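Undergrad: Quick one: the structure is below, and I'll ask about it shortly.
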């Protein structure tokens with residue numbers, strides 16, 4: 001409306017100017033004495049009109065320039081923003097919203113599902129979900145996240161393969177039997193009948209305890225069980241000191257077996273961050289454990305167990321340099337049907353130097369480190385101690401039957417020896433899960449022997 005008023009005012013000014021100029025020219029026509037003088041006056045009048053009009057336009061332009069500068073100053077520095085056209089709706093010129101992700105709804109759902117599976121330790125499921133996504137469904141940022149997550153999921157799936165939670169890992173319905181002899185046994189009661197308690201232990205072991213063997217039964221809540229395991233985990237971390245990649249894997253393995261699943265993924269991610277070849281390191285660490293056990297059995301001349309362990313090494317870790325060294329030592333030709341190298345295990349395996357002994361490893365070239373000896377497991381002595389304890393217990397047991405000289409004393413020594421051997425073999429089962437079934441047979445035999453020894457003690 002204001003714009004229209006300005007146009008009307010301008011038109012009125014022009015009309016008044018024309019009238020005044022016309023009147024002046026009419027007066028001049030009657031006053032001048034010749035036509036040439038009249039034409040000269042007309043030219044002067046129009047020149048004056050044109051100069052006034054030009055000056056007004058200049059002032060208007062200067063005013064518009066000043067107004068534009070003031071408007072820009074009020075807007076601030078916003079490059080690329082232009083003034084709206086007079087006929088354009090100003091509301092339509094509102095700032096555009098920030099660009100949204102170009103990831104499709106389907107891809108977002110799958111990515112969210114994969115992240116959930118990954119966090120819950122289902123690495124294979126996460127990798128499978130991510131593999132179904134195509135680059136065209138993802139924004140650049142989401143595409144980078146998917147590639148990173150898929151790489152870690154595939155690597156972690158290989159790392160945790162073969163590591164299973166123990167039977168009591170969930171911590172539900174766990175009790176502690178406080179035995180009359182002062183010992184303690186944790187397990188899950190399967191049934192109570194006929195004066196016996198059948199208990200489910202880890203590694204698939206089931207054992208019956210007579211009512212006379214049990215002093216009392218302590219029930220533990222799941223929260224208490226998990227709290228104790230958390231404390232044991234923290235104690236292991238403190239004992240480890242420096243968290244090397246191998247130690248991080250060992251802690252993750254412990255957490256899987258004990259049901260502390262929420263700690264596994266952060267430990268593996270920490271290992272991946274500390275060692276770019278973390279999957280390769282874990283692969284060789286697993287192979288080293290089997291190789292060390294093979295060397296121990298071989299050194300003890302336990303040929304059957306050594307052969308069984310070597311077979312496990314060849315089948316499970318065909319690409320490890322420990323396997324290659326065992327093949328060289330035993331003069332075994334590499335199989336032509338060796339399975340492909342795991343996708344997460346990349347780069348060359350480290351090999352021992354030609355002059356090294358079977359237990360030596362070769363450091364990275366140029367590292368300045370000396371070759372280190374492959375240490376036999378600290379718990380390798382555990383198996384030997386268990387075997388020795390069992391042998392001594394069997395000797396006492398043989399002399400504990402009625403009619404033997406000093407049978408009562410031998411029976412007591414047999415009970416003590418069997419209890420000691422049982423503790424050692426149960427620890428060996430926890431240390432070497434791959435040998436659990438083998439040790440279970442020995443344990444079942446000892447449980448039966450212990451039962452009859454205690455029965456004789458009661459009857460005597």
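The values are calculated or read from the model by the stated rules, or taken from the named source; none is laboratory data. This structure is a prediction, so every number in the text was calculated from the model and none was measured. Using ideal geometry, Cβ is built from the backbone for each residue, glycine included, and neighbour counts are taken over all protein chains shown.
Undergrad: Suppose we filter segment 178-195 for residues that are surrounded by 15 or more Cβ atoms within 10 Å (Cβ to Cβ) and modelled with pLDDT of 90 or more; how many remain?
TA: Within segment 178-195, residues that are surrounded by 15 or more Cβ atoms within 10 Å (Cβ to Cβ) and modelled with pLDDT of 90 or more number 2.
Here's the yes/no breakdown for (1) modelled with pLDDT of 75 or more; (2) under 21 Å from residue 183 (Cβ atoms):
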{"residue": "406", "(1), (2)": "yes, no"}
{"residue": "413", "(1), (2)": "yes, yes"}
{"residue": "421", "(1), (2)": "yes, yes"}
{"residue": "424", "(1), (2)": "yes, yes"}
{"residue": "432", "(1), (2)": "no, no"}
{"residue": "439", "(1), (2)": "yes, yes"}
{"residue": "442", "(1), (2)": "yes, yes"}
{"residue": "446", "(1), (2)": "yes, yes"}
{"residue": "453", "(1), (2)": "yes, yes"}
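Undergrad: Then there is this: Exactly one of these conditions fails for residue 176: (1) in a helix (DSSP H, G or I); (2) more than 17 Å from residue 265 (Cα to Cα). Give me its number.
TA: That leaves (1) as the condition not met.
Undergrad: Still on this model: Being out of contact with any strand residue (DSSP E or B) (no Cβ under 8 Å at 6 or more places or on another chain) and closer than 23 Å to residue 160 by Cβ is the requirement here; does residue 400 meet it?
TA: So residue 400 does not fit the description; no.
Undergrad: Run down 274, 232 and say which single residue is touching a residue at least 12 places away in the same chain (Cβ under 8 Å) and within 17 Å of residue 431 (Cβ to Cβ).
TA: Within the list 274, 232, the selection yields 232.
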